[in-house]
């Protein structure tokens, strides 16, 4: 084998490494971008619930008790319909498709729980299971920011 054959093999190998590195960087930064946009989105949804911007949010707030609980399917569906189309939430680049309004940037439902505080005001937590799709792990994205769901919610089961 002459020296040029070794040079050709080296260049091919170097191009392969560069190509794989570019793909890795793209995937990593795309995931980080999704995390930022999802964080903005869950904060917007939480603010909308907190300030009860829709009659559905007011109705849900009125049905809360002092114990944390997830929104039931009916409440979740009502809220999604109310927020679709005219909702002014920061969607972080996601479309306003009515069926996808309460989904994160990985295509999974965002989770919403609430309770009534002693002063009768509602408190909500909104979060995404993050890139790994597993509830209660370090990559979860929540509002209030970096708040892990209360222990009472550890019984969460995927519907």
Handout entry: Selection count, segment 99-128, where residues are out of contact with any strand residue (DSSP E or B) (no Cβ under 7 Å at 6 or more places or on another chain) and over 16 Å from residue 73 (Cα atoms)
Key = 7
Practice task
Kindly indicate the residue of segment 129-149 that is without any contact (Cβ under 8 Å) to a residue 24 or more places away in the chain and touching a strand residue (DSSP E or B) at 6+ places or on another chain (Cβ under 8 Å) and also surrounded by the most Cβ atoms within 10 Å (Cβ to Cβ) among those meeting that condition.
Solution key: 140
Practice task
Quick one: residue 66 ticks every box in (1) on the phi < 0 side of the Ramachandran plot; (2) at pLDDT below 85 except a single one, so which number is it?
Solution key: (2)
Handout entry: Given (1) in contact (Cβ under 8 Å) with a residue 40 or more places away in the chain; (2) more than 30 Å from the chain's Cα centre (by Cα), number of the condition residue 5 does not satisfy
Key = (1)
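For the structure I just gave you, tell me whether residue 42 is closer than 28 Å to residue 140 by Cα and either touching a residue at least 24 places away in the same chain (Cβ under 8 Å) or not in a helix (DSSP H, G or I) (or both).
yes
The values are calculated or read from the model by the stated rules, or taken from the named source; none is laboratory data. Small disclaimer: the values here were computed from a predicted structure and weren't measured. So basically every Cβ, Gly included, is an ideal-geometry build from the backbone, and we count neighbours across all protein chains shown.
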